[in-house]
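J.: I have a structure here, written as structure tokens, and I will follow up with some questions on it.
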Amino acid sequence: MDRMEFTQGVTRTRVLEKKLLDQPTIDKMVDAKDLEEVLRALGDTEYASAVSAVEKGEDYEQILANELKKSYDLMREISPQDEVVDLMALKYDYHNLKVMLKEHVMEKDLSDLYIPIGTIDFNKLKAMFKAEQMRDIQLEFKEAIAEIIKDYEEQKDPQRIDILADRHYFKHLYKIAKGTEIDLFKAYVKDLIDFLNVSAAIRLKKQGKDLRFFREVILFNGNIERDDILLTMNDSIDVMMNKFRNARISKQLLKGLEAYQETGRLSIFEKYMDNYMISLNKDSKSVTFGPEPLFSYLVAKEMEMKILRIIMVSKMNNLSPEAIRERLRDLYV
């Protein structure tokens, strides 16, 4: 990528960064007495138009969906290279692919689950799939669809759609990141795979899954060798911590494993994963020429929305401010 191409995009992104929610604003929402008070506070921020578009607080998911779509549309406009946005948007293509294939095999209408964000016009892909015009579908999606359909015909298990789609997604994601030759993008994908593989290993052991199932779920292209993850199948958390002590992501990984060992809650481990992914992107604040600030803005925006969702769900369930803060992630700003 030509770094000078991004000069104007970086300038515009710096303006957007100033509108990201800061810690005092988040604290105000955490301490709010109820969801309605959270939304009033949110109405004084960049989310004002999204808040005004809904009639009641329980529709908070629509607020977040509207703001997410707006953010992706804006970054598409700002970025001179599609791949910068594609790296974050691709997961929505594969989410929609899962929904489409579940509709197909289960013969149900799941149209309310589609997300209008991605790297492609998913309505066109769905139309081509229904018309059995597979030759016109992008290769990566075509391969995913073909394998998942074949697997379902043999196994008759709709739950396997998620496993196979995720495998194809991360393979596709790594291909895009590697093609950019940008160190941050490659590190983001490989580090994310490492965290997800360790998380999956913990979950699968808890569920008593066998080695065959491990092999289907554990992903390729992480920094930690896939076989090293597979060999943890019978390991304790202490042994896993010792094995991964020198991993690239070890600082937050070990904290996450310790927290999981203390609480038995995988959500706590995932908090440390999220905090690592945010910290990885913070160096983008000092980049003047290049695609990193644009990518990192989307990472920051998505994490901001995750934090807002945690607060809103917690308020609906009457959790205390202390309990909410325990669940929150680090901010980019």
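The values are calculated or read from the model by the stated rules, or taken from the named source; none is laboratory data. Predicted, not measured: the structure shown is a model, and the values here were computed from it. Here the Cβ positions follow ideal geometry from the backbone for every residue, glycine too, while neighbour counts run over all protein chains shown. When the accessible area is computed, the model is the full protein with side chains, heavy atoms only, and any ligands, DNA or RNA have been set aside. Shrake-Rupley method; radii C 1.70, N 1.55, O 1.52, S 1.80 Å.
J.: Scan (1) free of Cβ contacts under 8 Å to residues at least 40 places away in the same chain; (2) closer than 30 Å to Ile182 by Cβ for the single condition Asp27 breaks and write down its number.
T.: (2)
J.: Might you let me know whether region 61-71 holds any residue that is of a type in the set (S, T, N, Q), over 22 Å from the mean Cα position of the chain (by Cα) and open to solvent by 60 Å² or more (accessible area, probe 1.4 Å)?
T.: Taking region 61-71 first, the residues of a type in the set (S, T, N, Q) are 62, 66, 71.
Filter again for over 22 Å from the mean Cα position of the chain (by Cα), leaving none.
No: region 61-71 contains no residue that is of a type in the set (S, T, N, Q), over 22 Å from the mean Cα position of the chain (by Cα) and open to solvent by 60 Å² or more (accessible area, probe 1.4 Å).
J.: Might you let me know whether region 187-194 holds any residue that is buried (at least 16 other Cβ atoms within 10 Å of the Cβ) and more than 20 Å from the chain's Cα centre (by Cα)? Break it down into steps so the answer makes sense when it comes.
T.: First, pick out the residues of region 187-194 that are buried (at least 16 other Cβ atoms within 10 Å of the Cβ): 187-194.
From what's left, more than 20 Å from the chain's Cα centre (by Cα): none.
Within region 187-194, none of the residues are buried (at least 16 other Cβ atoms within 10 Å of the Cβ) and more than 20 Å from the chain's Cα centre (by Cα).
J.: Quick check on this structure: which one of Val38, Val15 is within 19 Å of Leu328 (Cβ to Cβ), out of contact with any Phe, Trp or Tyr (no Cβ under 8 Å at 6 or more places or on another chain) and aliphatic (A, V, I, L, M)? I'd like the intermediate steps shown before the answer.
T.: Details: Val15 fails: within 19 Å of Leu328 (Cβ to Cβ).
Every option except Val38 fails the conditions.
J.: Restricting to region 210-225, what's the tally of residues that are free of Cβ contacts under 8 Å to residues at least 40 places away in the same chain, more than 23 Å from Lys255 (Cβ to Cβ), touching a helix residue (DSSP H, G or I) at 6+ places or on another chain (Cβ under 8 Å) and open to solvent by 40 Å² or more (accessible area, probe 1.4 Å)? Lay out the reasoning, then the answer.
T.: Applying the first criterion (free of Cβ contacts under 8 Å to residues at least 40 places away in the same chain) to region 210-225 yields 210-215, 218, 222-225.
Now restrict to residues that are more than 23 Å from Lys255 (Cβ to Cβ): 210-215.
Next cut, touching a helix residue (DSSP H, G or I) at 6+ places or on another chain (Cβ under 8 Å) only: 211, 213-215.
Restricting the remaining residues to those that are open to solvent by 40 Å² or more (accessible area, probe 1.4 Å) gives 211, 213, 215.
Residues that pass the stated criteria total 3.
J.: So Ile311 fits all but one of (1) out of contact with any Lys or Arg (no Cβ under 8 Å at 6 or more places or on another chain); (2) over 19 Å from Asp191 (Cα atoms); (3) open to solvent by 30 Å² or more (accessible area, probe 1.4 Å); (4) touching a residue at least 12 places away in the same chain (Cβ under 8 Å); what number is the exception?
T.: Tallying (1) out of contact with any Lys or Arg (no Cβ under 8 Å at 6 or more places or on another chain); (2) over 19 Å from Asp191 (Cα atoms); (3) open to solvent by 30 Å² or more (accessible area, probe 1.4 Å); (4) touching a residue at least 12 places away in the same chain (Cβ under 8 Å), Ile311 fails exactly one: (3).
J.: Considering only region 164-182, state which residues are over 19 Å from the mean Cα position of the chain (by Cα) and open to solvent by 50 Å² or more (accessible area, probe 1.4 Å). Steps first, answer last, please.
T.: Filtering region 164-182 down to residues over 19 Å from the mean Cα position of the chain (by Cα) leaves 179-182.
Across region 164-182, the qualifying residues are Gly179, Glu181.
J.: Go through region 252-286 and give me each residue that's in contact with a Phe, Trp or Tyr (Cβ under 8 Å, 6 or more places away or on another chain), over 23 Å from Ala323 (Cα atoms) and open to solvent by 20 Å² or more (accessible area, probe 1.4 Å).
T.: Listed by number, the residues that qualify are Leu280, Lys282.
J.: Now a separate question. Looking only at region 118-141, which residues are assigned to a helix (DSSP H, G or I), under 27 Å from Asn221 (Cα atoms) and open to solvent by 60 Å² or more (accessible area, probe 1.4 Å)?
T.: Leu139
J.: Are any residues in region 1-30 open to solvent by less than 70 Å² (accessible area, probe 1.4 Å), over 27 Å from Met312 (Cβ atoms) and of a type in the set (Val, Ile, Thr), and if so, which ones? Spell out the reasoning first.
T.: If we filter region 1-30 for residues that are open to solvent by less than 70 Å² (accessible area, probe 1.4 Å), which is where we start, we get 6-7, 9-10, 13-14, 16-17, 20-22, 25-27, 29-30.
Cutting the leftovers down to over 27 Å from Met312 (Cβ atoms) gives us 6-7, 9-10, 14.
Listed by number, the residues that qualify are Thr7, Val10.
J.: Okay, next question. For region 169-192, which positions are in a helix (DSSP H, G or I) and either of a type in the set (A, V, I, L, M) or in contact with a Cys (Cβ under 9 Å, 6 or more places away or on another chain) (or both)? Give the derivation first.
T.: Our first condition is that a residue be in a helix (DSSP H, G or I); within region 169-192, this holds for 169-180, 183-192.
Passing the criteria: Leu173, Ile176, Ala177, Leu184, Ala187, Val189, Leu192.
J.: Another question about this same structure. How about region 142-163: which of its residues are open to solvent by less than 80 Å² (accessible area, probe 1.4 Å), within 16 Å of His104 (Cβ to Cβ) and part of a helix (DSSP H, G or I)?
T.: Answer for region 142-163, where residues must be open to solvent by less than 80 Å² (accessible area, probe 1.4 Å), within 16 Å of His104 (Cβ to Cβ) and part of a helix (DSSP H, G or I): Lys142, Ala144, Ile145, Ala146, Glu147, Ile148, Ile149, Asp151, Tyr152, Arg160, Ile161, Asp162.
J.: In the list Met100, Met4, which residue meets the criterion of being in contact with a helix residue (DSSP H, G or I) (Cβ under 6 Å, 6 or more places away or on another chain) and part of a helix (DSSP H, G or I)? Lay out the reasoning, then the answer.
T.: On the way: Met4 fails: in contact with a helix residue (DSSP H, G or I) (Cβ under 6 Å, 6 or more places away or on another chain).
On inspection, the qualifying residue turns out to be Met100.
J.: Moving on. So Ile237 passes all but one of these: (1) out of contact with any Lys or Arg (no Cβ under 7 Å at 6 or more places or on another chain); (2) modelled with pLDDT under 95; (3) hydrophobic (A, V, I, L, M, F, W, C). Which condition number does it fail?
T.: The single condition Ile237 does not satisfy is (2).
J.: I'd like to know if region 81-100 contains one or more residues that are polar (S, T, N, Q) and in contact (Cβ under 8 Å) with a residue 40 or more places away in the chain. Explain how you work it out, then say what you get.
T.: So the first thing to find is which residues in region 81-100 are polar (S, T, N, Q), and the list is 81, 96.
With the extra rule that they be in contact (Cβ under 8 Å) with a residue 40 or more places away in the chain, the set shrinks to 81.
Scanning region 81-100, I find at least one residue that is polar (S, T, N, Q) and in contact (Cβ under 8 Å) with a residue 40 or more places away in the chain, so the answer is yes.
J.: Go through (1) open to solvent by 10 Å² or more (accessible area, probe 1.4 Å); (2) part of a helix (DSSP H, G or I) for Val198 and report which single condition fails.
T.: Result: Val198 passes all but (1).
J.: Tell me, which residue of region 72-109 that is of a type in the set (A, V, I, L, M, F, W, C) and in contact with a Ser or Thr (Cβ under 9 Å, 6 or more places away or on another chain) is surrounded by the most Cβ atoms within 10 Å (Cβ to Cβ)?
T.: Start the filter on region 72-109 by keeping residues that are of a type in the set (A, V, I, L, M, F, W, C), which leaves 74-75, 78, 84-85, 87-90, 97, 99-101, 105-106.
Then drop every residue that is not in contact with a Ser or Thr (Cβ under 9 Å, 6 or more places away or on another chain), which leaves 75, 78, 84-85, 87, 89-90, 99.
Working: Met75: 22, Ile78: 19, Val84: 28, Val85: 24, Leu87: 23, Ala89: 19, Leu90: 22, Val99: 20.
Per the stated criteria, the residue is Val84.
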